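Worksheet: one structure, shown below.
Nothing in this text is a laboratory measurement; each read-out follows from the coordinates by a stated rule. If you're wondering where the values come from, they're calculated on a predicted model, not measured in any experiment.
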Amino acid sequence: MKLKKCPIVRHKKINEDVFQLVLECPTDWVEKSGKFVDVQVIGKSLRRPISLTDWDENSITLTIKKAGEGTNLLSEMKQGELEVLLNLGNGFDLSYFKKDLLVVGGGIGCAPLIGCIKEAKKCGLDVKVIFGFRNKEQTLFKEELEELDVDYVFAYDDENENVITKMKEMNWDDLPFVTCGPLVMMKKLCEENTQSGLVSLETRMGCGFGACMGCSFKTKEGMKRICKEGPVFKKEEILWENLM
Ligand SMILES: Cc1cc2nc3c(=O)[nH]c(=O)nc-3n(C[C@H](O)[C@H](O)[C@H](O)COP(=O)(O)OP(=O)(O)OC[C@H]3O[C@@H](n4cnc5c(N)ncnc54)[C@H](O)[C@@H]3O)c2cc1C
Ligand code: FES
């Protein structure tokens, strides 16, 4: 964990609610996708946890949805620098997968999965992707998926489909998976897909680095902190009733 002042290199509006920030910062700590950073918002005491969408040698890309005051304030930061706590969370351990990988995301939960897909392709995994959104206008990461040259489909709620119906339609329901998105979506996925999976959980956080216990929840293997032992957990260890 390291506190760093990171200059804003780029601010890009994706749609009315979502924007991307590219921050200049060292990335020697990013040994896995699925890790997150805690971004200071001026005027707010608590930092806001945001996953890495992508990174290169000297910058990180964050994709942020306006959810409340903090993220709204961040959306107005187009230049200057942000104080960021780096190197948080465990990330996706892709050695867990042998050959195939199904990547399932919902809404802004797709953000950490872009880095995951990139890494999985580098590891030689056969990657299939399903991203679900409310409607076509809310679609995220189409360009990135095209660039990654990966087998992907989108599911839209307003077309009476979702990531689960899509998974069955594509006959991808017996593939081991990683997922991030709304809890109900991830719970259903864990029930309907019989294979093993890694689940990235998002919750309200306090300190973000394991000190306050504010994000702890009971798992089959005892109490765990989402910010420290997570945010990525094995499907088998999650007790969903303690999260919902
Ligand atoms: C590990 C982790 C990674 C995350 N990665 C991303 C990301 O890549 N992009 C992104 O846009 N957001 C991400 N989030 C969610 C983001 O941190 C929250 O949306 C943000 O902190 C809300 O701050 P706010 O001040 O705008 O809203 P607040 O005023 O604090 O809250 C607005 C509303 O959002 C709800 N809320 C707040 N935090 C969360 C949360 N963590 N999950 C669900 N609902 C929440 C509140 O209950 C409230 O209803 C992540 C969260 C975690 C824990
Ligand atoms: S947010 Fe403080 S321990 Fe996780």
- Could you name the aspartates and glutamates whose alpha carbon sits less than 12 Å from that of K32, not counting residues in the same chain fewer than 8 places away? D54, D93, E119
- Query: Can you give the convex hull volume per residue for the Cα atoms of the chain, as a whole number of Å³?
  - Reply: 122
- Message: Based on alpha-carbon centroids, what's the gap between region 100-179 and region 187-244 in Å, whole number please?
- Response: 21
- Hey, which aspartates and glutamates would be in cross-link range of K142, C-alpha to C-alpha under 14 Å, not counting anything within fewer than 8 residues on its own chain? D151
- Task: Show which lysines lie in cross-link reach of K66 when reach means a straight Cα distance below 16 angstrom and same-chain residues fewer than eight apart are skipped.
- Result: K12, K13, K44, K78
- Would you pull out the residues with amide H under 5 Å of V9's amide H, same chain only if 5 or more places away, H placed 1.01 Å from N? V22, L23, E24
- Check: in region 181-244 the Lys pairs 8 or more apart or on separate chains whose Cα atoms fall under 16 Å apart number 13
- Query: Which values, in whole Å and largest first, are the semi-axes of the equivalent ellipsoid of region 201-244 obtained as the square root of 5 times each eigenvalue of the Cα gyration tensor?
  - Reply: 17, 10, 9
